[in-house]
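The block underneath contains the structure these notes are about, expressed in structure tokens.
Read-outs throughout are calculated quantities, based only on the coordinates presented, and are distinct from any laboratory measurement. All values reported here derive from a predicted model rather than from experimental measurement. So basically every Cβ, Gly included, is an ideal-geometry build from the backbone, and we count neighbours across all protein chains shown.
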């Protein structure tokens, strides 16, 4: 059965003190959240311990924003699966467009190795796929995403996987992919999987104003939220969307 997963991506925001302040305002608002919705907070590495300690026993789970494909080694600035698992992390974002753009992370074979590393240590990877504006305008949405999935999911266990469709042109721009178009592409992604029950999120300028329309789409199983997840009030509104 497909799960509804609402994940906040804090990107490079929030000190430990700011993370704790967020939780104090946010957690009480989960009392009204339907039980079937899974809530994840993907925080910077420095805030993971604070989240792990304060989310224990709550409705929300701890997520990280990246993972290295090796368990240990001479990889300065990286973090491994055992390190994340030790902190109580349950989910990890893999292949976010900002990592691809600013850190030059590519699909072949890096994303596939990261996904497998997450699964190897009991973490659920949130694999991000999506097209640029140029690829969309050139009519290459389907071929591009097919290529990403073919490479990134080779020999991957689809029983422990979340996919986030994030049209790159709609991330941080204030421009949202129309809900029906996001639904169409997510339906396409699902048709390319061997497990039809994989939860597939939409990510790209999600906010309290458009969340109800997005989540009314039959193929969309949740959202990956950037800027709107930084404020407790706005993220609570998203988590508590009206179905």
Requested in this report: Within 10 Å of each residue's Cβ, count the other Cβ atoms and sort 83, 12, 111, 215 from fewest upward.
Outcome: 12, 83, 215, 111
**Report entry** Approximate spin-label separation residue 143-residue 2, in nm, with each point projected 7 Å along Cα-to-Cβ
**Finding:** 2.8 nm
Report summary line: With the label point 7 Å along the Cα-to-beta-carbon line of residue 46 and a cut-off under 14 Å to each amide N, the hits in region 80-100 are none
**Report entry** Ranked 144, 56, 68, criterion: other C-beta atoms within 10 Å, fewest first
**Finding:** 56, 144, 68
Query raised in the report: Which part of region 1-37 falls in the paramagnetic zone of residue 212, meaning amide N under 19 Å from the point 7 Å along Cα-to-beta-carbon?
Result: 32-34
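Report the calculated FRET efficiency for residue 74 and residue 132 (r = Cβ-Cβ distance, R0 = 35 Å), to the nearest 0.05.
So the FRET efficiency works out to roughly 0.55.
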Query raised in the report: Between residue 150 and residue 29, 0.36 nm times their residue separation minus their Cα-Cα distance comes to what?
Result: 39.6 nm
Query - Ranking of 102, 202 by count of other Cβ atoms within 10 Å, fewest first - result: 102, 202
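Can you compute the helix-only [θ] at 222 nm over the chain? Use -39500 (n - 2.57) per DSSP H run of at least 4 residues, normalise by all residues, nearest 500 deg cm²/dmol.
-9500 deg cm²/dmol
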